[in-house]
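See below for the structure under consideration.
The values are calculated or read from the model by the stated rules, or taken from the named source; none is laboratory data. Note that the structure is predicted; figures quoted are calculated from it, not measured. Here the Cβ is made from the backbone with ideal geometry for all residues, glycine too, and neighbour counts use every protein chain on show. Areas reflect the complete protein model, heavy atoms only, side chains present, ligands, DNA and RNA absent. Shrake-Rupley method; radii C 1.70, N 1.55, O 1.52, S 1.80 Å.
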There are 2 protein chains.
Amino acid sequence: MSSSPSKVLIAGEWRASKASDFIQAENPATGEPLPQKYPVSTRDEVVEAVHAGAEAAETLRDVDPKKMAQFLEACAAGIEQRATELVDIANAETGLPKSPRLKDVELPRTTDQLRQAARVARDGSWERPVRDDARKIYSIHAPLGGPVVVMGPNNFPFAYNSAAGGDFAAAIVARNPVIAKANPGHPGTTQILAEIALEAARACGLPLSTVQLIYHTPPDAGFALVSHSLVGATAFTGSREAGLKLKAAADAAGKPIFLEMSSINPVVILEGALLERCDTIADEFFGSCTAAAGQMCTNPGLILLQEGESGRRFLEASKKKFAAAPAGVLLGRGVRERLTQSVQRLRQSGAQLVCGGEPLPGPSVRYENTLLSVSGASFLTHSQELQTEAFGPASLLVTCASVGEIAAVIKSISGQLTGSIYSRTDGADDAAYGAIEPLLRTRVGRLLNDKMPTGVAVSPAMNHGGPYPATGHPGYTAVGLPAAVQRFTALHCYDNIPPRRLPTALKASK
Amino acid sequence: MSSSPSKVLIAGEWRASKASDFIQAENPATGEPLPQKYPVSTRDEVVEAVHAGAEAAETLRDVDPKKMAQFLEACAAGIEQRATELVDIANAETGLPKSPRLKDVELPRTTDQLRQAARVARDGSWERPVRDDARKIYSIHAPLGGPVVVMGPNNFPFAYNSAAGGDFAAAIVARNPVIAKANPGHPGTTQILAEIALEAARACGLPLSTVQLIYHTPPDAGFALVSHSLVGATAFTGSREAGLKLKAAADAAGKPIFLEMSSINPVVILEGALLERCDTIADEFFGSCTAAAGQMCTNPGLILLQEGESGRRFLEASKKKFAAAPAGVLLGRGVRERLTQSVQRLRQSGAQLVCGGEPLPGPSVRYENTLLSVSGASFLTHSQELQTEAFGPASLLVTCASVGEIAAVIKSISGQLTGSIYSRTDGADDAAYGAIEPLLRTRVGRLLNDKMPTGVAVSPAMNHGGPYPATGHPGYTAVGLPAAVQRFTALHCYDNIPPRRLPTALKASK
């Protein structure tokens, strides 16, 4: 690798950054820093990107939607062409396995998302045109008029990448330029994806500032970015701590910001289900909680059970699986530090360790598969602290005295991405289900039955969202098209405008 | 009238408030205070309403949508039954003329809105169900799970009333209970509308806390209300000053708030249009700017012209009309004080008085019809100050040296509800139109041609919204169904849920 730092992509060119600070990623499988340096862009540099993005927005507003579709398809094709290189660097930067995870699951998912987005760009279903011919009033959803800032998470280097993932694709469908801020955990992966996007923009005749890339910023530059008057909106996926700070900056400036911040994804396992199929459910739980070393937004972090024999058997079965399985490699030292702190906080708040609970020695960044438990009554006395997200292969089992106590625990839980209920096939748990479902339903974006929450299908019916503080607004999803596009649109009404001056989509839909 | 203060409507009963402070409305046509006293609810009282609303929300979630439709229709019928009483008290509280305004225009508009909303409650078009049968994933828009706080404005005592207007109806369509906070300018009107709503709820078998009413709060209780964890969302229509404070409180708590705060509604009149029909346009401008004494959210408060003979003729023609017409009665002393301050601020920032500019003496609350003017160059040097909204019969004419300067002025303008362009019928202004339209389009919610912005048609294609700071979010409208309902919904996804447990609308849509 080169010894000169990577260049930022601003206004259509790869430029040497004016940064004086740099970041390096590390390989969590070896614990070694990776050699390449990436600039920490200053506030001035960020503002340059905003101005270039604002110019691109003016052009993109009137671009033929087919071109946006071609651009998204060209991004997908470019990713496939550079798949080996992408899988190699993403593996080095994140420790996620090359196969099946990166090569066979996440990369095809990403190109599929881009191609689904291309279809939505072509069919225009996100525009929702409404005609009132009698009154000569028309309305349609339109681009925001400024660039969309995308800040991707650490845990999906392709599928949620700022320069290729779901938020990127949704913003592009609505003809908004994107300012990608790389996740500092995988800057090299993001650089390649931005290279692909720039070439795709060039090939499709789009403005070269349709996609820009910065790697990292000091906090003040990040706040300046999301609150800039020329920015259209921001999409952020990451920690609650960072998300809330960005939200405060954007809110104060009246700028839309869509955040996916945290979730412990409660799973209620009713007694009948355990009596029926304890081992199967323990298997599903173990598989879901340790997939990708537990580093999923929809990881089942809170299990609610009724106390008694069946609950004890489930805890024992789960413990055996968690303790026996090798610990996966985490995304980085930062993830392990936060996990260590979270488990400590849970223990200080009354949770007992069932197994695991310690970082693992050795060069690779790992942490033991971890189970904790607490009684329902204790949970209720420290409800806030015991909702601490332990991002990693860890989960807290809450043993409740009754269905009523399960309900009380759910009532104490804040907004989540998902909530699951396992119940007995023959309907024996239906009364308990009926008592719990209404409480869980309003607290989560996606409700599941007899299924663990990991695995966010790229389906038009998906909701990858939920009430605050899981996200910033309960009406939006980050996954699922065309719904995910709505975040990046403005509603435009045309009143008494002659047909020749109406946008094409309003003319054509007559 | 009774000498005991009015009661608040909390948890289904009209209760004596625990307030120690009271407000009285005044009759702006006579300048006299009206005798009835209305309580200023404390924080504790507000929180009681929130808890009762949260309980009602649990019931309403599963109510047959037909009942919501019947409720909305019963509200409409109740308003018609008490029309004379409503028109009398609204006239006394607001000074708005009984006829045609209150009786023949606003009251029928309000009942029409309620009946349109009833149709949307029946047809379920706001729910937008999406089915993915192959993956067994379904999604649908659902109630928020908590009460919606509605804070209505001073200028439409019926059509935007917290207990009967558009936001109320939209929240109810999505099966959310409403906590109405009356506008302190017309508490008596709001009390009657809440009485009608309570009787309608009783008649339709809805929870009696479906509608609650408080009249006023101290600021801290208002902030507690919009940020309460059990509240679903807030809809506010009013001043930017009050709106931004409520927004900060709601944002910090992660609670959705939809605001309609301010707008100066720029109208560009191109030279060709003036050469063609100067007097007609001056008539339209005068009519729009002085309708309801200028107290409309969409009042044309900023007129952009090109300097020269045609611009001078327009200014003279407008001045004649404004100066000759009698000044209308304002909604109250507070409106006149703010108008006086706004005109002062515009003059201090370089605007010249063309006519009017003074409060009128006498018992009724009036202010002269007022025109101001400023050059485009001066506007650009004090752009922020010269965008001060002068809520009332007042407008600022900006005389620009060129089409380019008109474009520069528009680029300096913040988000607005509406923007209009007048151009010559034969297309002679089309080049200028093409230069200006893209800039105006992204800064407004509703774009008009050859039409003044007042008159917000209740059409499914309407957008009564716009970019910040006109509202808090560019994607939503406060008028126009079903779109206005979206604000008060959560997206609910069902993943692997057996059909018997799906909501009716998802079962039925198969």
List the number of the failed condition for residue B:497; all other conditions in (1) open to solvent by 10 Å² or more (accessible area, probe 1.4 Å); (2) farther than 23 Å from residue B:300 by Cα; (3) part of a loop (DSSP other than H, G, I, E, B); (4) at the interface with chain A (Cβ under 9 Å from one of its Cβ atoms) hold. (1)
List the helices (runs of 4 or more DSSP H) inside the stretch B:102-219, counting only whole elements, that have at least 1 residues being under 22 Å from residue B:59 (Cα atoms) and at pLDDT below 95. none
If you go through B:490, B:432, the only one that is of a type outside the set (S, T, N, Q), facing chain A (nearest Cβ under 9 Å) and either within 22 Å of the chain's Cα centre (by Cα) or open to solvent by less than 30 Å² (accessible area, probe 1.4 Å) (or both) is B:490
So residue B:242, is it at pLDDT 95 or above and touching a Leu at 6+ places or on another chain (Cβ under 9 Å): no
Any residue at all in the stretch B:353-368 that is within 21 Å of residue B:420 (Cβ to Cβ) and open to solvent by less than 20 Å² (accessible area, probe 1.4 Å)? no
Which count do you get for residues in the stretch A:96-132 that are open to solvent by 60 Å² or more (accessible area, probe 1.4 Å), free of Cβ contacts under 8 Å to residues at least 24 places away in the same chain and within 12 Å of chain B (Cβ to nearest Cβ)? 1
Could you tell me which residue of the stretch A:306-360 is nearest to residue A:409 (Cα to Cα), considering only residues that are out of contact with any Phe, Trp or Tyr (no Cβ under 9 Å at 6 or more places or on another chain) and assigned to a strand (DSSP E or B)? A:306
Can we say residue B:506 is more than 8 Å from chain A (Cβ to nearest Cβ), touching a residue at least 60 places away in the same chain (Cβ under 8 Å) and closer than 25 Å to residue A:481 by Cβ? yes
Can you work out which of the residues in the stretch B:375-399 that are in a strand (DSSP E or B) and open to solvent by 10 Å² or more (accessible area, probe 1.4 Å) is nearest to residue B:313 (Cα to Cα)? B:399
Please count how many residues of the stretch B:232-273 are more than 26 Å from residue B:295 (Cβ to Cβ), within 13 Å of another protein chain (Cβ to nearest Cβ) and of a type in the set (D, E, K, R). 2
Going through (1) within 9 Å of chain B (Cβ to nearest Cβ); (2) under 17 Å from the mean Cα position of the chain (by Cα) one by one, residue A:481 fails only at (1)
Let me confirm something: among A:208, A:193, A:213, which residue is of a type outside the set (S, T, N, Q), more than 24 Å from residue A:126 (Cβ to Cβ) and crowded, with 23+ Cβ neighbours inside 10 Å? A:213
Please go through the stretch A:400-422 and pick out each residue that is open to solvent by 20 Å² or more (accessible area, probe 1.4 Å) and either touching a residue at least 40 places away in the same chain (Cβ under 8 Å) or not aliphatic (A, V, I, L, M) (or both). A:401, A:402, A:403, A:404, A:405, A:411, A:412, A:414
Quick one: which of A:438, A:460 is of a type outside the set (Val, Ile, Thr), open to solvent by 20 Å² or more (accessible area, probe 1.4 Å), at the interface with another protein chain (Cβ under 7 Å from one of its Cβ atoms) and within 30 Å of residue A:411 (Cβ to Cβ)? A:438
Within the set of pairs 6 or more residues apart or between chains, which connect a residue that is closer than 15 Å to residue B:371 by Cβ inside the stretch B:279-300 to a residue that is open to solvent by 30 Å² or more (accessible area, probe 1.4 Å) and in a helix (DSSP H, G or I) with Cβ atoms less than 6 Å apart? B:286/B:321
Going by the conditions given, is residue B:433 touching a Lys or Arg at 6+ places or on another chain (Cβ under 9 Å), under 28 Å from residue B:115 (Cβ atoms), among the hydroxyl-bearing types (Ser, Thr, Tyr) and touching a residue at least 40 places away in the same chain (Cβ under 8 Å)? no
Before we move on, is residue A:421 within 10 Å of another protein chain (Cβ to nearest Cβ), within 30 Å of residue B:438 (Cβ to Cβ) and of a type outside the set (Lys, Arg)? no
For the stretch A:320-337, enumerate the residues that are basic (Lys, Arg) and either exposed (fewer than 15 other Cβ atoms within 10 Å of the Cβ) or in contact with a helix residue (DSSP H, G or I) (Cβ under 9 Å, 6 or more places away or on another chain) (or both). A:320, A:321, A:333
